[in-house]
Amino acid sequence: MQQQSGEKAGENGDNGEDGADNLFENRKNQFNYSERAAQTFNNGYRERCIATQPPAVINFSSTVSQWEIFDKYMHDYATQINEQDFLRQQEKSASSKNKNTMNATYSSANQQNQDDMVHSQRMGNALKILERMVNQNSDDEIFQDFKYWEDASDTFRDGEGSLLPLWRFHTERSKRKQVTALAWNQNYPDLFAVGYGSYDFMRQGTGMICCFSLKNTSNPEYTFATESGVMCLDFHPEQCSLLAVGCYDGTVMVFDVRNKGNRPIYASSIKTGKHTDPVWQVTWQVEDLAKELNFFSISSDGNVANWTMSKNELKMEQIMQLKLVSVTTSNSNGSSLGNNTISNSSSHTNNFGGINTDAPEEALMSGLASGCCFDFNRVYEHLFIVGTEEGNIHKCSKAYSGQYLETYLGHHMAICTVTWNPFHPRVFLSCSADWTVKLWDYSLPNAVMSFDLGNAVGDVAWSPYSATVFAAATADGKVHVFDLSINKHEPLCEQKVVKRAKITHLSFNKRDPILIVGDDRGGVNSLKLSPNLRTLYATNTSPKDHIANMDKILTSLDSKQ
């Protein structure tokens, strides 16, 4: 019992110590503690109302005639003229008084302008060079790849190549626009122009032209704005500062990129002549006996026009009207004939080359065909081909504007691009929205070769260094590069360049192994061709050798057929 009572006493002692500690912790500090309380007065609420008298209302009515409006307008106009004359007289009197003073201070002012280096032309040129230096330093790796890097894997793979992405050219103002045209400058290989617009009928707005340089990939060198979307453009091959532009509203313009102003030096109008539908392509004409600068244009209104730059205006001359042609042919057995070529003679009779026909009929339908693209032959300057929205290709001549020389049937949807081979005078390419690219010999009725790329083909272009190499762009964002001398059936390179975007146009550089592609998001990507895609680029191959290479391909295809 004593032991238990001792244990309880010990426990009670422990509890006592804990209670003392808790009491010490909860007790307020008597040396540094004070209670303070404060109460502020509540501001009383006041209501203030002001009553005003409503303004007086007066009913007024009168009758105004046209001559009273005219007299009032003329009176105001005369008042403005008098005020302007009064201001001119005051300026003249002030200038006559201060003439001596101005002569005295002219030399000092001129000296100050010369000393103003911040706004001088020399400072602008220096800043441009400095900007290029900073840009090249920041993107030094890309510039090194552009100049020196080569894909070493091409040595281990025959018949295949690749495209190396370099720069992407874009601006903030072009994000919501589509790239509708690309054109390299002939005299300055690093300079190219980009046209911005929209192919969507419901999303038309203003257009823009940007001139980029490979020396400054961050910002455009020149920028021009247009009231309507830009659909096509082309640099003059000799006058390198002149840029011809075609717009969605049917207007054609000529810009001088050297001018600081944003306005064109020439523009078409209803008075001098104008297309009524979008202009899809423009191209300069070099040869002209009158030595006047002129260019051609094609539009959806069915007209091919020539524009001459006179002293004060653009003069329009209609070259050809693209008439709708409906062809129905049948042979003696009653079987239908497809992919035929219409050859129009002077007596308007039709001869089908290679096909035995009894009574071919060519019916001219009412209306005009919608022209989409055209291209002039490099050797025969009077000869040109036209691609239409109906899928037909017409061979035309500037000397015979009343009829087609031949009509090639092969495509089933609108033709996006037709382009002659830069070396061979008889061969041309065509691409269409029907997913195909076709190779033609204008002396043969049918297409020589056809390539199905599995998606709508937006553009096709020949390489400037080989007669057998060309590239095509499809709507799924891929670029296909073919070399017919190596593989006649499959591309050497099929590479996806952009994601979640459609490629609209592409173009080869004339000097460097560079390919630029534009998409529907306002960007332009530059790509470098691998060595397998430009085997003839470094060699000094004569034009005769290029023609011989293409002739070999055509001969082999003819023997197989």
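The values are calculated or read from the model by the stated rules, or taken from the named source; none is laboratory data. In this text the structure is predicted, and so the values were computed from the model without any measurement. So basically every Cβ, Gly included, is an ideal-geometry build from the backbone, and we count neighbours across all protein chains shown. Surface accessibility is based on the protein's heavy atoms, side chains included, excluding ligands, DNA and RNA. Shrake-Rupley method; radii C 1.70, N 1.55, O 1.52, S 1.80 Å.
Data table
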{"read-out": "Prolate/oblate/rounded label for segment 443-561 (Cα gyration tensor, a/c 1.5)", "value": "oblate"}
{"read-out": "Net length gained if the chain between Val448 and Tyr148 were fully extended (0.36 nm per residue, minus Cα distance)", "value": "104.2 nm"}
{"read-out": "Euclidean distance of C-alpha centroids, segment 191-226 and segment 229-253, integer Å", "value": "12"}
{"read-out": "³J(HN,Hα), Karplus 6.51/-1.76/1.60, whole Hz, each residue of segment 441-448, x for Gly, Pro", "value": "10, 5, 8, 10, x, 10, 5, 6"}
{"read-out": "Solvent-accessible surface ranking, highest first, for Phe146, Phe169, Phe86, Phe201 at 1.4 angstrom", "value": "Phe201, Phe86, Phe146, Phe169"}
{"read-out": "Between segment 116-186 and segment 411-448, the alpha-carbon center distance in angstrom", "value": "32"}
{"read-out": "3J(HN,Hα) from dihedral phi, segment 490-495, Karplus parametrisation 6.51/-1.76/1.60, rounded to Hz, x for glycine, proline", "value": "10, x, 6, 9, 10, 10"}
{"read-out": "Under-5 Å amide H pairs with His505, H placed in peptide plane, nonlocal only", "value": "Gly518"}
{"read-out": "Shape category assigned to segment 167-260 from the gyration tensor of Cα positions, a/c cut at 1.5", "value": "oblate"}
{"read-out": "Accessible heavy-atom area order of Trp284, Trp149, highest first, probe of 1.4 Å", "value": "Trp149, Trp284"}
{"read-out": "Phi to ³J(HN,Hα) by Karplus 6.51 cos²θ - 1.76 cosθ + 1.60 over segment 66-82, Hz, x for Gly, Pro", "value": "5, 6, 5, 4, 5, 4, 5, 5, 5, 5, 5, 5, 5, 4, 5, 5, 5"}
{"read-out": "Order by protection proxy (mean Cβ within 10 Å, highest first), peptides 378-387, 49-58", "value": "378-387, 49-58"}
{"read-out": "Per-pair calculated FRET efficiency, R0 = 41 Å: Thr206 and Ser62 via Cβ, rounded to 0.05", "value": "0.45"}
{"read-out": "Qualifying GluC sites (Glu not before Pro) in segment 120-178, DSSP loop, other Cβ atoms within 10 Å at most 14", "value": "Glu150"}
{"read-out": "Neighbourhood net charge (12 Å Cβ-Cβ; Lys/Arg +1, Asp/Glu -1) for His275", "value": "-2"}
{"read-out": "Within-14-Å neighbourhood charge of Thr226 [Cβ basis; K, R +1; D, E -1]", "value": "+1"}
{"read-out": "Surface accessible to a 1.4 Å probe, Trp280 within the full protein complex, Å²", "value": "70"}
{"read-out": "Environment charge at Ser463 (Cβ cut-off 11 Å; Lys +1, Arg +1, Asp -1, Glu -1)", "value": "+1"}
{"read-out": "For Ser450, distant residues with modelled amide H under 5 Å away", "value": "Leu439"}
{"read-out": "Interchain or long-range residues, amide H under 5 Å from Met208's placed H", "value": "Tyr196, Thr226, Val230"}
{"read-out": "Relative packing of peptides 217-226, 463-472, 434-443, 306-315 - highest average C-beta neighbours within 10 Å first", "value": "463-472, 434-443, 217-226, 306-315"}
{"read-out": "Per-pair calculated FRET efficiency, R0 = 41 Å: Ser120 and Asp476 via Cβ, rounded to 0.05", "value": "0.20"}
